[in-house]
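Let me begin by presenting the structure, written as structure tokens, before commenting on it.
The values are calculated or read from the model by the stated rules, or taken from the named source; none is laboratory data. Since the model is a prediction, treat every value here as computed from it, not as a measurement. Cβ atoms come from the backbone with ideal geometry, glycine included; neighbour counts cover every protein chain shown. SASA here: full protein model, heavy atoms, side chains in, ligands and nucleic acids out. Shrake-Rupley method; radii C 1.70, N 1.55, O 1.52, S 1.80 Å.
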Amino acid sequence: QVQLVESGGGSVQPGGSLRLSCVASGSFDSAFVMAWYRQAPGKQREYVALITGGGGTNYADSVKGRFTISRDNAKNTMYLQINSLRPEDTAVYYCQCRGRQRNYWGQGTQVTVSS
């Protein structure tokens with residue numbers, strides 16, 4: 001089992017920035033692909049970005065140029081730097097770990113963008 005705990009969410013004004021963190025524990029392997037997803041009110045959960053164990057990254061088109069995913073394998077931690085926040089970025093952001101046999105999810109952290 002892998003446990004994931006997100007943090008760093010909050011309420012910010014449009015144009016602001018946040019840095020989300022996801023700490024993994026348990027049977028975590030730094031080679032596992034990790035990803036961020038988000039779910040806005042009344043909408044389905046959507047993919048945001050992923051990062052491989054070696055640091056390769058991929059982003060959803062909607063966040064390219066504003067979001068940066070990274071990880072520190074020594075700390076079993078993944079990050080999501082979010083810049084130029086927009087009201088449409090308001091959502092619960094979830095961390096995902098793609099394990100050997102299944103995917104694991106964190107409990108989510110709320111990001112609210114409002115003036």
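Restricting Gln110, Gln44 to residues that are of a type outside the set (Ser, Thr, Tyr), in a strand (DSSP E or B) and at pLDDT 95 or above narrows the list to Gln110. Modelled with pLDDT under 95 and under 14 Å from the mean Cα position of the chain (by Cα): is that true of Val63 in this structure? Judged against the criteria, Val63 is a match. The requirement of being assigned to a strand (DSSP E or B), within 13 Å of Gly108 (Cα to Cα) and over 13 Å from the mean Cα position of the chain (by Cα) is fulfilled nowhere in the stretch 85-92; no residue meets it. Within the stretch 64-89, the residues that satisfy the criterion of being touching a Lys or Arg at 6+ places or on another chain (Cβ under 9 Å) and not aromatic (Phe, Trp, Tyr) are Arg66, Thr77, Met78, Leu80, Gln81, Ile82, Asn83, Ser84, Leu85, Arg86, Asp89. Applying the selection to the stretch 77-91, what residues are free of Cβ contacts under 8 Å to residues at least 60 places away in the same chain, surrounded by 15 or more Cβ atoms within 10 Å (Cβ to Cβ) and under 22 Å from Val12 (Cα atoms)? Correct list: Met78, Asp89, Thr90, Ala91.
The residue pairs whose first member lies in the stretch 56-76 and is over 18 Å from Phe32 (Cα atoms) and open to solvent by 40 Å² or more (accessible area, probe 1.4 Å), whose second member is hydrophobic (A, V, I, L, M, F, W, C) and assigned to a loop (DSSP other than H, G, I, E, B), and whose beta carbons are closer than 8 Å, counting only pairs six or more residues apart or on different chains, do not exist in this structure. Could you look through the stretch 14-35, keep only residues that are of a type in the set (S, T, N, Q) and assigned to a strand (DSSP E or B), and pick out the one that is surrounded by the most Cβ atoms within 10 Å (Cβ to Cβ)? Applying the filter and picking the extreme gives Ser21.
Scanning the stretch 1-12 for residues that are over 20 Å from Thr68 (Cβ atoms) and not in a strand (DSSP E or B) yields a single hit, Gln1.
Based on this model, can you work out whether Arg38 counts as surrounded by 14 or more Cβ atoms within 10 Å (Cβ to Cβ), among the charged types (D, E, K, R) and in contact (Cβ under 8 Å) with a residue 40 or more places away in the chain?
yes
Checking the stretch 44-53 against the condition returns no match, with no residue being under 16 Å from Val2 (Cβ atoms), of a type in the set (Gly, Ala, Ser) and touching a Leu at 6+ places or on another chain (Cβ under 8 Å).
One residue stands out among those in the stretch 3-59 that are within 22 Å of Ser114 (Cβ to Cβ) and hydroxyl-bearing (Ser, Thr, Tyr): the one that is nearest to the chain's Cα centre (by Cα), which is Tyr37.
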